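The values are calculated or read from the model by the stated rules, or taken from the named source; none is laboratory data. Quick caveat: nothing in here was measured; it's all calculated off a predicted structure. Positions of Cβ are generated from backbone atoms using ideal geometry, with glycine treated the same way; all protein chains shown enter the neighbour counts.
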Amino acid sequence: MRALIIDDEPMPAKHLREMIHQYCFEINEISIIHSPIEAMKQLEETEYDIVFLDVEMPEMNGVEFLQRVTLPRKTCVIFSTAYSEYAVDAFKANATHYLMKPVEERELVLAVRKVLEKRNRPNVVSDTISVFDGTDYAILQQKDILFLKADGSYTQFVLQEEQILASKRLGYFEGKLSERHFFRCHNSFVVNLIHVVKMGKQKSPYLVLKNGEMIPVSASKRAELESKLGLH
């Protein structure tokens, strides 16, 4: 697995990396970034299986960071902090686990084990998805959704005949959609592959949907997407 440590303090970040190397053999690649702003840019280009996220940072705290970044469905977040009062906020932000500094071997191993259990858990997905627009709940057939687009802390659902602005982030809905048909082709877009009719092969690739809509494709997603579409 690939892990990213986001911590503004170099020594605790280095210590955590050394502990991961020593005790967590499932993780074979570890990167450290000290700025949450830089981490946001990195996460647009590279996918990680685990993000070890410090809570107290000068540019923005860990909870604010998760509110601003859109993570892929498979990415699990483990908070690390010296302040136990952030535990409730961490789990509200869908963190997989919560580590107290200084990090102990037992707790670190337990946290990574929880990530593995979460990743191996069967993903049961309904044919429908419930979307709250701030006033009412709409029950949508997944097959009717063309694509989803991140809009700050909201998500725009685009269907053939209507659009719905939902009051949750894109990453939340990504985990509830069929992995067989929906694909995160860009940091801001999840597309329903059954509605794709063409893929542009230019330097900056894009998808064309049945309704003529053009959806950008991140360079890091191109190979996986081509494989899913059966392109060679």
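Structure values in brief
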| quantity | calculated |
| --- | --- |
| Qualifying residue in segment 194-206 (condition: touching a strand residue (DSSP E or B) at 6+ places or on another chain (Cβ under 9 Å), in contact (Cβ under 8 Å) with a residue 60 or more places away in the chain and assigned to a strand (DSSP E or B)) | no |
| Matching residues, segment 153-177, being more than 11 Å from residue 190 (Cβ to Cβ) and of a type in the set (Gly, Ala, Ser) | 153, 166, 167 |
| Answer residue from segment 157-203, given it is crowded, with 19+ Cβ neighbours inside 10 Å, in contact with a Lys or Arg (Cβ under 6 Å, 6 or more places away or on another chain) and closer than 24 Å to residue 137 by Cβ and is modelled with the lowest pLDDT among those | 174 |
| Condition check for residue 152: closer than 19 Å to residue 44 by Cα and without any contact (Cβ under 8 Å) to a residue 12 or more places away in the chain | yes |
| Tabulated pairs, segment 39-62, first under 28 Å from residue 217 (Cα atoms), second part of a loop (DSSP other than H, G, I, E, B) and of a type in the set (Asp, Glu), C-beta under 9 angstrom, 6+ apart or interchain | 49/26; 52/7; 53/7; 62/56 |
| Odd one out for residue 141 among (1) surrounded by fewer than 18 Cβ atoms within 10 Å (Cβ to Cβ); (2) closer than 22 Å to residue 225 by Cβ | (2) |
| Residue check, residue 111 under 15 Å from the mean Cα position of the chain (by Cα), at pLDDT 85 or above and part of a helix (DSSP H, G or I) | no |
| Extreme residue, surrounded by the fewest Cβ atoms within 10 Å (Cβ to Cβ), among residues of segment 35-56 that are touching a Phe, Trp or Tyr at 6+ places or on another chain (Cβ under 8 Å) and assigned to a helix (DSSP H, G or I) | 40 |
| Hits in segment 139-177 (condition: among the polar types (S, T, N, Q) and touching a strand residue (DSSP E or B) at 6+ places or on another chain (Cβ under 9 Å)) | 141, 142, 155, 156, 160, 163, 167 |
| Selection count where residues are touching a helix residue (DSSP H, G or I) at 6+ places or on another chain (Cβ under 9 Å) and part of a helix (DSSP H, G or I), scope segment 8-29 | 5 |
| Subset of segment 207-232 [of a type outside the set (D, E, K, R) and part of a loop (DSSP other than H, G, I, E, B)] | 211, 212, 217, 218, 229, 230, 231, 232 |
| Out of 5, 32, sole residue that is in a strand (DSSP E or B), touching a strand residue (DSSP E or B) at 6+ places or on another chain (Cβ under 7 Å), surrounded by fewer than 18 Cβ atoms within 10 Å (Cβ to Cβ) and touching a residue at least 24 places away in the same chain (Cβ under 8 Å) | 32 |
